[in-house]
Amino acid sequence: MATVIDGKQTAAAVQSRVARDVAEFVAETGHTPGLVTILVGEDPASQVYVRSKGERTRELGMASFHEQLPATSSQDEVESAVVRWNADERVDGILVQLPLPGELDSKPVLELIEPTKDVDGFHPISVGRLVANQPGLRPCTPIGVMELLRTYDIPVTGAEAVVVGRSDIVGKPVALLLLHQSATVTIAHSRTRDLGEVTRRADILVAAVGRPQMITGDMIKPGAAVIDVGVNRTEAGLVGDVDYESASQVARAITPVPGGVGPMTIAMLLSNTLEAARLRH
Ligand code: NAP
């Protein structure tokens with residue numbers, strides 16, 4: 001049976017490290033790192049996310065700000081909010097909760113975020129720095145995946161890594177982070193021929209697809225580490241992209257869903273907020 005890669009425990013360890021580092025940073029600089037969440041509209045799931053991000057930020061000794069905009073806001077109004085927070089010295093990280101409602105276009109909004117405050121790592125400058133392996137803020141879920149591999153001593157250098165999914169927020173950045181740690185990386189997607197043949201090569205398999213339990217045990221190399229980023233709501237509850245039952249018979253280590261990658265995302269957001277404060281002070 002595979003080792004269970006415990007995201008809750010790892011996220012808790014990251015958070016206590018961040019809390020300790022925040023205290024040190026405040027003592028050294030006199031500045032309290034701050035994160036603002038901007039929520040447009042009243043989507044209940046998004047409200048839960050931003051509320052818990054705010055609570056967690058305060059628990060770690062950082063300042064939390066929130067701007068609530070009505071769903072009827074114009075593109076200009078949302079962009080003006082970002083511009084205001086860019087200029088606010090109390091704030092080191094700006095998070096615009098996605099998706100934006102209605103006809104609002106998130107791309108120009110995200111591009112307005114001052115790159116040193118881009119704690120989600122979605123700004124084109126952050127993306128460029130990631131591609132070039134230059135210091136900068138990295139997207140939270142992908143660095144959460146790397147933190148899990150590090151914590152569980154899964155060797156990356158020289159490993160065959162297969163990432164299933166090529167989105168800008170998960171698949172591509174995870175693939176780049178693995179590459180920068182000298183894995184041999186393959187990115188698979190919906191047009192990949194014989195997916196099983198590709199995934200069976202992987203020492204490290206990252207699934208970021210959004211299709212319930214599509215990666216089955218027979219698609220996994222015995223002894224592989226399997227990181228399941230997928231979150232799918234089904235009648236049977238929350239499941240990942242990996243069929244945990246069959247995969248855990250074959251893998252050496254595997255993340256559960258829930259309790260794997262999920263808790264890491266917010267922990268890495270808090271870590272990025274401190275990182276952003278360091279960049280600016
Ligand atoms: P996305 O933008 O929908 O991308 C999905 C990717 O999967 C695409 O690249 C797509 O290929 C590929 N794909 C779709 N069907 C496939 C198939 N049959 N075979 C191989 N590849 C296939 O999704 P995302 O935003 O990356 O998210 C992926 C999953 O991670 C979702 O379940 C999401 O909820 C979850 N997620 C979790 C967290 C967390 O904190 N745990 C954070 C973000 C996302 P094409 O490019 O060819 O269409």
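What do you get for the angle between helix 262-280 and the principal long axis of the chain? Use alpha-carbon atoms, 0 to 90 degrees, nearest ten.
50
Which whole-Hz ³J(HN,Hα) couplings does segment 78-85 yield from phi under the Karplus relation 6.51 cos²θ - 1.76 cosθ + 1.60, θ = phi - 60°, glycine and proline marked x?
For segment 78-85, the Karplus curve yields 5, 5, 5, 4, 4, 4, 4, 6 Hz.
Take the Cα radius of gyration of the chain and divide it by 2.2 N^0.38 Å, with N its residue count; two decimals is plenty.
Expressed relative to 2.2 N^0.38 Å, the Cα Rg reads 1.01.
What does DSSP give for the chain in terms of the percent of beta bridges that are antiparallel, rounded to the nearest 5?
Here the antiparallel bridges make up roughly 10 percent for the chain.
Could you work out how far helix 44-59 tilts from the main Cα principal axis of the chain, as a 0 to 90 degree angle to the nearest 10?
It is inclined by approximately 80 degrees.
Need the full-extension length gain, Thr157 to Thr3, defined as separation in residues times 0.36 nm minus the C-alpha distance. One decimal, nm.
Stretched out fully, the Thr157 to Thr3 stretch lengthens by 53.4 nm.
Can you give me the Cα centroid spacing of segment 92-166 and segment 1-77 in angstrom?
Taking the Cα centre of each part, segment 92-166 and segment 1-77 sit 15 Å apart.
Order 147-154, 84-91 from most to least packed using the mean count of other Cβ atoms within 10 Å.
Result, highest mean first: 147-154, 84-91.
To the nearest 500 deg cm²/dmol, what mean residue ellipticity at 222 nm is calculated for the chain from DSSP H runs of n ≥ 4 alone, each contributing -39,500 (n - 2.57), summed and divided by the residues?
-13000 deg cm²/dmol
Which angle from 0 to 90°, rounded to the nearest 10, does the C-alpha axis of helix 171-180 make with the longest principal axis of the chain?
80
Taking amide H positions as placed in the peptide plane 1.01 Å from N, state which residues far from Val231 in sequence (5 or more) or on other chains have amide H under 5 Å from it.
Gly210
Looking at segment 177-263, send over the antiparallel percent of its DSSP beta bridges, to the nearest 5.
Antiparallel: roughly 30 percent of the beta bridges in segment 177-263.
Could you check the spin-label model distance between Ala87 and Arg233? Points 7 Å from the Cα along Cα→Cβ, value in nm.
Taking the two extended label points, one gets 3.9 nm.
Can you check how the C-alpha radius of gyration of segment 37-96 compares to 2.2 N^0.38 Å, as a plain ratio?
Working it through for segment 37-96, the quotient is 1.14.
Which GluC sites (Glu not before Pro) does segment 1-82 hold that lie in a coil by DSSP with at most 12 other beta carbons within 10 Å?
Qualifying residues, ordered by number: Glu42.
Describe numerically, in nm with one decimal, the distance between label points set 7 Å from Cα along Cα→Cβ at Arg51 and at Gln249.
Inter-label distance under the simple model: 4.2 nm.
Once the other residues with Cβ under 15 Å from the Cβ of Gln9 are scored (Lys, Arg +1; Asp, Glu -1), what is the net sum?
0
Values quoted throughout were computed directly from the atomic coordinates according to the rules given, and no laboratory measurement underlies them. None of the values given here were measured: they were computed from a predicted structure. In this analysis, Cβ positions are derived from the backbone assuming ideal geometry, glycine residues included, and neighbour counts consider all displayed protein chains.
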